[in-house]
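Heads up, the thing below is written out as structure tokens.
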Amino acid sequence: MENINWSDLTFGYIKTDYNVRSYYSDGKWSDPEISDSEYINIHIASTCLHYGQEAFEGLKAFRGKDGKIRIFRLYDNALRMQASARGIMMPELPVELFEKAVKEVVEKNKRFIPPYESGASLYLRPLQIGISPQVGVKPAKEYLFAVFATPVGPYFKGGLKPSPYVILRGFDRAAPCGTGTIKVGGNYAAGLSAGEIAHSKGYSAVLYLDAKEKKYIDECGPANFFGIKNNTYITPDSHSILPSITNKSLIVLAEELGLKVERRPVKVEELETLEEAGACGTAAVISPISRIDDVDENKSYIFSKDGYPGPVCIKLYNKLRAIQYGDEEDKYGWITVL
Ligand code: PLP
Ligand code: COI
């Protein structure tokens, strides 16, 4: 940790001191135990390795100007982890256990929580995996829940600086009745090849369309999508996107800022009419979109010509960050102060 340059952090992995683990067997979860190892020792036939029985979460802890440590929307992440577990036949982790383990990881790695001024944060990564052997395609009998922490900066290079996204019509992330609404590793494996094509061509990420009709906007590889027009915050409603906790928060903040909110199917052509567009998520925070290229259709939609984010993106970003860092009152009970 010795010379971390907090302000230059990207979204990468830096070793921290401790992680927390809890095991499930015979219908019971063990008390969380603390480990200083970065490794886990599991059976070669574990279901997570072969059949993708893995779910994860992502949330952040922030150090405030007042020195206090705040975790953003801990409870909501606990509930989503349960939904993900149900979706791939894993036992649900009790909310209290999730909360206790996350708090413990933050507490034990306090020295890695970036200082307020850096604008960085401590990223927390809870995960749940099937660890007992199964060669037939069946759920495991035993599970591991673990949480690790790593200090991070912006997910997309440049942070609030708008960057380009791409529609690649030859790729889908999730099927309409598939696993797109839960946070399981398989969804991200499915997006790796499209993601790498996008990166190699200079795009921040892929903007996926609905897999069935390719008519509507779904979401970005690692974040939800939103657009702004006529003083309205518009975000897709879809059966194949992750219910983003950041997006849910921005909807509340947009209303507070006097915007109307519409959560509904968004046709690709509607991109033409948006004044601003952005990706939102725990890692992405708000990442404004400068341009979306629909390469197979030979079309481009431009949202920022001058390299600056639009006024609504800036307002929403500032409001969200102010709550996360404790500069603004937590009216909605989103913060757990450690
Ligand atoms: N969509 C996908 C596919 C994601 O991986 C994430 C990240 O968690 C999000 C959206 C944003 O969700 P949240 O705001 O809860 O982090
Ligand atoms: C997050 O925003 O927490 C994510 O999980 C997104 C990405 C790193 C997969």
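The values are calculated or read from the model by the stated rules, or taken from the named source; none is laboratory data. What you see is a predicted model, and the numbers here were worked out from it, not measured in a lab. Every residue, glycine as well, gets a Cβ built from its backbone with ideal geometry; the counts of neighbours run over all protein chains shown. Accessible surface is based on the protein model in full, side chains and every heavy atom, while ligands, DNA and RNA are left aside. Shrake-Rupley method; radii C 1.70, N 1.55, O 1.52, S 1.80 Å.
Quick check on this structure: which one of 332, 317 is within 16 Å of ligand 1 (Cβ to nearest atom) and surrounded by fewer than 15 Cβ atoms within 10 Å (Cβ to Cβ)?
Selected residue: 332, the only one of 332, 317 that is within 16 Å of ligand 1 (Cβ to nearest atom) and surrounded by fewer than 15 Cβ atoms within 10 Å (Cβ to Cβ).
Yes or no: residue 136 out of contact with any strand residue (DSSP E or B) (no Cβ under 7 Å at 6 or more places or on another chain) and on the phi > 0 side of the Ramachandran plot?
no
Among what's in region 210-222 and is farther than 15 Å from residue 270 by Cα and within 11 Å of ligand 1 (Cβ to nearest atom), pick the residue that is least open to solvent (accessible area, probe 1.4 Å). Among residues in region 210-222 that are farther than 15 Å from residue 270 by Cα and within 11 Å of ligand 1 (Cβ to nearest atom), the one least open to solvent (accessible area, probe 1.4 Å) is 220. Determine if region 176-191 includes at least one residue that is assigned by TED's automatic domain parsing to the domain that holds residue 294, over 22 Å from residue 57 (Cα atoms) and at pLDDT 95 or above. No, because not a single residue in region 176-191 is assigned by TED's automatic domain parsing to the domain that holds residue 294, over 22 Å from residue 57 (Cα atoms) and at pLDDT 95 or above. Scan region 117-157 for residues that are open to solvent by 20 Å² or more (accessible area, probe 1.4 Å), modelled with pLDDT of 95 or more and among the aromatic types (Phe, Trp, Tyr) and jot them down. 148, the sole residue that qualifies. In region 165-180, the residues that are over 9 Å from residue 208 (Cα atoms) and away from ligand 2 (no atom under 16 Å from the Cβ) reach residues that are assigned to a loop (DSSP other than H, G, I, E, B) and of a type in the set (D, E, K, R) with C-beta atoms within less than 6 angstrom, at least six apart or across chains, in these pairs: 176/212. When residue 264 is tested against (1) touching a Phe, Trp or Tyr at 6+ places or on another chain (Cβ under 8 Å); (2) away from ligand 1 (no atom under 16 Å from the Cβ); (3) over 23 Å from residue 304 (Cα atoms), only condition (1) is not met.
Entry remark, region 267-280: residues being within 14 Å of ligand 1 (Cβ to nearest atom) and either open to solvent by 70 Å² or more (accessible area, probe 1.4 Å) or over 14 Å from residue 317 (Cβ atoms) (or both) number 0 in total. For the condition within 16 Å of ligand 1 (Cβ to nearest atom), within 22 Å of the chain's Cα centre (by Cα) and over 23 Å from residue 177 (Cα atoms), residue 100 does not qualify.
Considering 242, 207, 253, the condition of being touching a residue at least 24 places away in the same chain (Cβ under 8 Å), closer than 22 Å to residue 72 by Cα, within 16 Å of ligand 2 (Cβ to nearest atom) and surrounded by 15 or more Cβ atoms within 10 Å (Cβ to Cβ) is satisfied by 242 alone.
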